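These notes concern the structure reproduced below.
Nothing in this text is a laboratory measurement; each read-out follows from the coordinates by a stated rule. What you see is a predicted model; the values in this text were computed from it and never measured. Here the Cβ is made from the backbone with ideal geometry for all residues, glycine too, and neighbour counts use every protein chain on show.
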Amino acid sequence: MPALLSSGRTARVDRGWRDATSAKLLLFILLEASIAVVNLVALGRRFLWAQAVAWTDFTAYWTAWWMVLHGRGAALYDRAAQESAQRGLLPGVDIGGAICVFLYPPHAAIVGLPLGVIADHLGEPVAFAVWTAVNVVLLARVMWLCQDELGARGLSAWLVAAWILAFFPVVRALSLGQVSLLLAWAALGLVRAVRDGREGAAAGWLTVFTIKPQLLPALVIWLIGRRRYRVLAWAGGLAIVLVTVSAIVLGPGIWLDYARRVPGLESYYAAPLEMPNVRAALLRALPRAPHAAELAAYCAWLVSLAALAWALIRDPRHRLGEPSRSSRLIDSRSFALSLMVGLVFDPHLFHQDLVIAVVPLTLDLAASREHGEPWRGRAALALAWPLVYLLGRLADLTATPAAPFRTPVDPVLVMSAAVLAAIAASFRRRPA
C-alpha cells in the first residue's frame with residue numbers, strides 16, 4: 001500500500017506520506033474497490049435464491065440453538081440428533097445427506113441463544129439478517145481498528161477500507177453467517193489490551209477464541225513467550241466459568257461428548273481439500289495416501305507450534321526490560337507471527353477464517369512504518385492478496401469433476417506462506 005499508513009500511536013506524517021500522490025492512492029483505491037464490488041455482487045446474487053439462508057453455516061448454529069432451547073442439548077454432538085433436528089427445522093428444503101453440522105464447543109451453543117429465540121419465532125431469515133447486521137458492525141469496527149493501527153487518514157483510510165472489503169474471506173464470512181469477523185475483532189482487541197497492560201480485557205478477548213479452539217495454542221504460546229501469566233490466569237478462570245455453565249445447561253458429560261464425537265463430525269461434514277492450509281496441500285500432494293497426509297498435517301501443526309514456542313521463549317528481547325516503545329513493537333510483531341503460524345497450520349481452517357489474517361498483516365506493516373523499516377514489499381503483498389483470491393475464484397469456474405483443482409498448490413496458501421515468511425523476517429529484525 002504505497003503511502004498507506006503511518007503509526008496509529010504517533011499519528012505522524014512521514015516521508016512516505018509526503019512522497020505519495022493522491023493519484024496513486026486513488027489508483028489503488030479503484031483497484032481494491034473494483035474487486036470488492038465483484039465480491040459484493042456475488043454475495044447479492046447468492047441471496048436471490050429463496051433457500052439461500054438454509055444452505056449457510058448459520059443453519060448449523062440454529063440447529064444447535066433449537067436443540068438447547070427444546071431440551072435436547074445433551075445430544076448436541078450426536079449426528080443423528082442434529083440431522084433429525086435440522087430436517088425438522090427445514091421441512092421444505094431437500095438437504096439430502098448434506099446437513100450443516102455444529103462443530104463448535106458447547107458454550108458456543110449457549111451464548112447465541114437469543115438469535116435462536118428470534119429464529120424460532122420469526123424464522124431463520126430474520127435471525128440471519130440480525131446476525132448479518134451484527135457482522136457488518138463488527139466489520140466496521142475491524143476496519144476502524146486497522147485504520148487506527150496504521151494511522152490511515154483521508155484517502156489512505158479509504159484504501160484500508162477498500163482493501164479489507166476486497167478480501168474475499170470477508171464476503172465469505174458475511175454470506176455464510178460465520179463468526180470469523182468476531183474473531184478478527186477479538187485478535188485486535190487482544191493485542192491492543194496486552195500492549196496497554198489491560199490484563200482483564202486481554203483475558204476476555206482471549207476467551208473469545210475458545211469458540212475456535214485450534215487457534216488457542218498459538219495465542220497461549222505467545223502470552224507465555226511475552227511473560228503475560230496473569231492474562232492466562234484470568235482467562236483460565238473465565239474458561240472454568242464457561243465449562244461449568246455449559247455443563248449445567250447441557251449436562252455434565254457434554255465436554256467429554258464434544259471431545260469424543262467432533263472428529264467424526266468433522267470428517268462427515270468438512271471438505272479438507274478445499275481448505276487454504278497445509279492440510280489441504282498435503283492431501284493434494286498425496287491423493288493416494290490420505291491417512292498419511294492427514295497424519296502429516298497434524299504433525300506439521302504440532303511442529304509449527306513447537307517451533308513458535310522455541311522462537312518466542314528463547315528470544316532475549318522477551319527477558320529484558322525494554323523501553324515501552326520497544327516492548328510494544330515486540331508485542332505486535334510476536335503476536336502477528338503467532339497468529340499467522342496458527343492460521344497457516346490450523347488443520348481446520350476455512351476460507352472465511354482467513355479474515356483474521358488482516359490482523360497480522362496490519363500489525364506488521366504498521367510496525368515497519370512506525371520504526372522506519374522497509375515496508376513497501378509488505379504493502380504490495382497485502383494489496384495483492386485480494387487479487388490472488390479473485391483469480392483463484394475465476395480458476396474455480398473452469399474446474400470439472402475430473403480436474404477439480406486447476407493448480408497443484410492453492411495460490412491462497414502460497415500467499416499465506418509468503419505473508420508468514422515476511423512477518424517472520426520482521427520478527428527477527430532488531431529495532432533500531
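Only counting other Cβ atoms within 10 Å, I'd like L363, L329 sorted with the fewest neighbours first.
Placing the least packed residue first, the sequence is L329, L363.
Give, as ranges by residue number, the residues of segment 159-180 whose backbone N falls under 16 Å from the point 7 Å along Cα→Cβ of V136.
Of the residues in segment 159-180, 165, 171-178 have backbone N under 16 Å from the label point off V136.
Based only on the alpha carbon positions, what is the Kirkwood hydrodynamic radius of segment 15-428, in angstrom? It would help to have the intermediate numbers written out before the result.
Numbers: mean 1/r = 0.0445 Å⁻¹.
Taking the inverse mean of 1/r over all distinct Cα pairs, segment 15-428 comes out at 22.5 Å.
Take each of the peptides 370-383, 153-166, average the number of other beta-carbon atoms within 10 Å over its residues, and list them starting from the highest. Walk me through the numbers on the way to the answer.
Details: 370-383: 17.6, 153-166: 21.1.
The packing order, highest mean first, is 153-166, 370-383.
Give the peptides 199-206, 23-30 in descending order of average Cβ contacts within 10 Å, highest first.
Values: 199-206: 20.6, 23-30: 15.0.
So the order, starting with the most tightly packed, is 199-206, 23-30.
So between A306 and A285, what do we pick up on full extension, going 0.36 nm a residue minus the alpha carbon distance? Write down the numbers at each step before the final one.
Details: separation 21, 0.36 × 21 = 7.56 nm, distance 2.41 nm.
Taking 0.36 nm per residue and subtracting the Cα distance, the gain is 5.1 nm.
Using 5 Å bins from zero, what percent of all Cα-Cα pairs in segment 131-289 falls into each bin?
Distribution as computed: 2, 7, 12, 15, 16, 18, 15, 9, 4, 2, 0 percent.
Less than 16 Å from a label point 7 Å out along the Cα-to-Cβ axis of L40: which backbone N atoms in segment 128-145 qualify, by residue?
Counting backbone N atoms under 16 Å from the label point, the list is 133, 135-141, 143-144.
With a point put 7 Å past each Cα toward its Cβ, work out how far S84 is from L295 in nm, to one decimal.
For the pair S84/L295, the computed spacing is 3.7 nm.
Once phi is turned into ³J(HN,Hα) by the Karplus curve 6.51 cos²θ - 1.76 cosθ + 1.60 with θ = phi - 60°, what whole-Hz value does each residue of segment 346-361 show in order, with x for glycine and proline?
Ordered by residue, 3J(HN,Hα) equals 4, x, 9, 10, 9, 4, 5, 5, 6, 3, 4, 5, 5, 5, x, 4 Hz.
Ranking S334, S304, S368, S34 by Cβ neighbours within 10 Å, fewest first, what do you get? List each step's numbers first, then the result.
Values: S334 26, S304 19, S368 22, S34 15.
Fewest-to-most ranking of S334, S304, S368, S34: S34, S304, S368, S334.
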